[in-house]
């Protein structure tokens, strides 16, 4: 007995294999794969490198490191390559709705500035707001 295609499609949808299946619907609880890392977007990197270039020209920074971790992307700047980072600029998307996704963290691990937007956080480095003391 040949199977009616319309009936077969109806059975497939009823069984959960079609356009109406819950597995194909948008699932807001979906999490990124376990091995996924957070990283900077191109415009964010351009802004970070612009700041880095300005600070190198001023003689205050000498080296940098970029890390893409599971929960954060980190741009670290150093006075010398063999030291602890002078500053860490972190992007933590999980904190975006709470405290802000962006933070500037000092040498001792203290959060110096936190905010929703990168530009807002990078104002910490504007000329005249701080001075590096040896």
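The values are calculated or read from the model by the stated rules, or taken from the named source; none is laboratory data. Everything numeric in this text was worked out from a predicted model, so none of it was measured. Note: ideal-geometry Cβ built from the backbone for every residue, glycine included; neighbour counts use all protein chains shown.
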For this session: Mind counting the residues in the stretch 92-114 that are touching a strand residue (DSSP E or B) at 6+ places or on another chain (Cβ under 7 Å) and either outside any loop (DSSP other than H, G, I, E, B) or under 15 Å from residue 125 (Cα atoms) (or both)?
Result: 9
Seminar exercise, completed: Taking the stretch 73-91 and keeping only residues that are part of a loop (DSSP other than H, G, I, E, B) and at pLDDT 90 or above, one is left with 85, 86
Problem set entry | Failed item, numbered, when residue 20 is tested on (1) surrounded by fewer than 15 Cβ atoms within 10 Å (Cβ to Cβ); (2) at pLDDT 90 or above | (2)
Problem set entry | the stretch 110-128: number of residues that are surrounded by fewer than 17 Cβ atoms within 10 Å (Cβ to Cβ) and at pLDDT below 90 | 3
Seminar exercise, completed: Within the stretch 72-86, of all residues that are touching a residue at least 24 places away in the same chain (Cβ under 8 Å) and under 18 Å from residue 45 (Cα atoms), the one surrounded by the fewest Cβ atoms within 10 Å (Cβ to Cβ) is 72
Seminar exercise, completed: Residue hits (the stretch 87-99; without any contact (Cβ under 8 Å) to a residue 40 or more places away in the chain and either surrounded by 17 or more Cβ atoms within 10 Å (Cβ to Cβ) or not assigned by TED's automatic domain parsing to the domain that holds residue 63 (or both)) are 87, 88, 90, 95
